[in-house]
Amino acid sequence: GKYNGQLSPLLSFLNIDASQQFFLIYIFNNEVFFSARSNGTIEKIESNINLVDGQEYKIAVTMESSTNGKICVNGNSVTVKNNFSSQIQNSNITDLLIGQERVVTDGGVRSSVSGVKLYNEALTDAELISLTT
């Protein structure tokens with residue numbers, strides 16, 4: 001995608017019937033985040049990569065287990081969070097929303113996303129970097 005300087009939800013995995021359970025990739029204050037919610041608390045991984053208006057970007061995210069997640073932006077170092085509260089409740093994720101937040105009926109921002117690839121297994125750090133370079 002291309003950053004436009006605004007809060008930009010990019011991709012949500014959720015169970016529409018349980019709107020408090022989700023994974024979300026978004027940009028806020030020029031930084032890419034990956035957040036998860038399953039136990040009543042939103043937890044996030046900050047990418048520590050700042051984008052500028054008009055900048056093209058590629059993002060890769062993986063959950064290696066119910067408590068370990070990673071994010072990589074534009075081929076930079078992988079940022080790891082090993083202490084998520086257990087995301088095991090998020091095993092009933094059934095829906096994918098591209099360019100918007102948690103629920104279909106929200107009135108929030110819509111973001112332009114040029115492509116999405118999904119994998120059914122966690123990727124290595126090298127694979128995350130390669131996908132975003």
- [ ] Would you check if there is a residue in the range 19-41 being open to solvent by 30 Å² or more (accessible area, probe 1.4 Å), farther than 23 Å from Ser114 by Cβ and aliphatic (A, V, I, L, M)?
- [x] no
Task: Residue check, Val116 at pLDDT 85 or above, in contact with a strand residue (DSSP E or B) (Cβ under 8 Å, 6 or more places away or on another chain) and surrounded by fewer than 15 Cβ atoms within 10 Å (Cβ to Cβ) - done: yes
Open item on the list: Of everything in the range 59-77, what is open to solvent by 50 Å² or more (accessible area, probe 1.4 Å) and over 18 Å from Phe13 (Cα atoms)? Give them in sequence order.
Closed with: Asn76, Ser77
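Answer with yes or no whether Val80 is modelled with pLDDT of 85 or more and buried (at least 20 other Cβ atoms within 10 Å of the Cβ).
Details: modelled with pLDDT of 85 or more: yes; buried (at least 20 other Cβ atoms within 10 Å of the Cβ): no.
No.
The values are calculated or read from the model by the stated rules, or taken from the named source; none is laboratory data. Note that the structure is predicted; figures quoted are calculated from it, not measured. Neighbour counts are summed over all protein chains in view; Cβ atoms, including those assigned to glycine, are modelled from backbone coordinates with ideal geometry. Ligands, DNA and RNA are excluded from the accessible area calculation, which covers all protein heavy atoms including side chains. Shrake-Rupley method; radii C 1.70, N 1.55, O 1.52, S 1.80 Å.
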